[in-house]
Amino acid sequence: MIKHKEQRVGVLVDVANMYHSAKNLYKKNVNFSEVLKEAVAGRKLIRATAYAIKTEGGTEMNFFEALSQQGFEVKMKDLQIFAGGAKKADWDVGISIDAIKLSEKLDVIVLVSGDGDYLPLMNYIQNTKGCLVEVMGFRRTTSSKLIEESDDFVDLGENKKFLLR
C-alpha cells in the first residue's frame, strides 16, 4: 500500500491486547515507541491514543506515564471484578466510538490490535467513511479476517525492534 506524507493518521492502541500477545508469544514487552513510529510512517500524526486498564494495585502508572511521554494520549479504565471473581477489561466499545468519530477527520486509522471484534468497525470505516484502516499486531494472535480485510497489515512479530526485553 502506498503511504504518502500528506495522509492524516490516527493510531489507536489496544494496550491489553498487545501486552498479553507479546507476553504469551515472546515473554517480552511491546516497544510502543517503535510501534508508533512505524504506524505513522512519515505521515501527519493527528492523534495517538493508548487504551489501558488500571489494576487494583495501580502498579502500571509508571508504564502509562512512559506511554504519555512517547506521544500517546492515555485513556484508562478500571479493571472490573465481578462477584464470582471473574474479571473483565476491554476497550472495544471505546476504541470503536473514537475510531468512528476520528474517521471524519482522518485519511488513515491504524488499529494496533489483533482482536477480530474490530472487523465490523473496520468494514464500517472503510466502506461508509472512506477511511483506510491499517492493522498492526502479532500475526499469530491476530484475527485472519482482520488481516485479510485491512488496507495494510504490519506483523509486529517479524521485527525484534517492536519488542523489549
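With the biggest extent put first, the Cα atoms of segment 49-140 measure 42, 34, 28 Å across the principal axes.
Annotation: extensible slack from Ala83 through Thr55 equals 8.4 nm (criterion: 0.36 nm per residue apart, minus Cα-Cα distance).
By the count of other C-beta atoms within 10 Å, a proxy for reagent exposure, Leu163, Leu111, Leu119, Leu106 are ordered fewest to most as Leu119, Leu163, Leu106, Leu111. Against the set [x] 45, 33, 29; [y] 41, 40, 30; [z] 41, 36, 32, the structure's computed Cα extents along the principal axes in Å falls on [x]. Calculated mean residue ellipticity, 222 nm, the chain: -9000 deg cm²/dmol, from DSSP H runs (n ≥ 4) at -39500 (n - 2.57) each, averaged per residue and rounded to 500.
Suppose R0 equals 45 Å. What FRET efficiency, 1/(1 + (r/R0)^6) with r the Cβ-Cβ distance, do Lys28 and His4 give to the nearest 0.05? After rounding, the FRET efficiency stands at 0.85.
In this model, which of Lys37/Lys77; Lys28/Lys161; Lys28/Lys75 are farther than 19 Å apart at the alpha-carbon? Walk me through the numbers before you get to the answer.
On the way: Lys37/Lys77 25 Å; Lys28/Lys161 12 Å; Lys28/Lys75 23 Å.
Check vs 19 Å cut-off fails for Lys37/Lys77; Lys28/Lys75.
Laboratory data are not the source of any read-out in this text; all were calculated from the coordinates shown. Remember, predicted model here, so these are calculated numbers, not experimental data. Here Cβ is always computed from backbone atoms with ideal geometry, including for glycine, and neighbour counts include all displayed protein chains.
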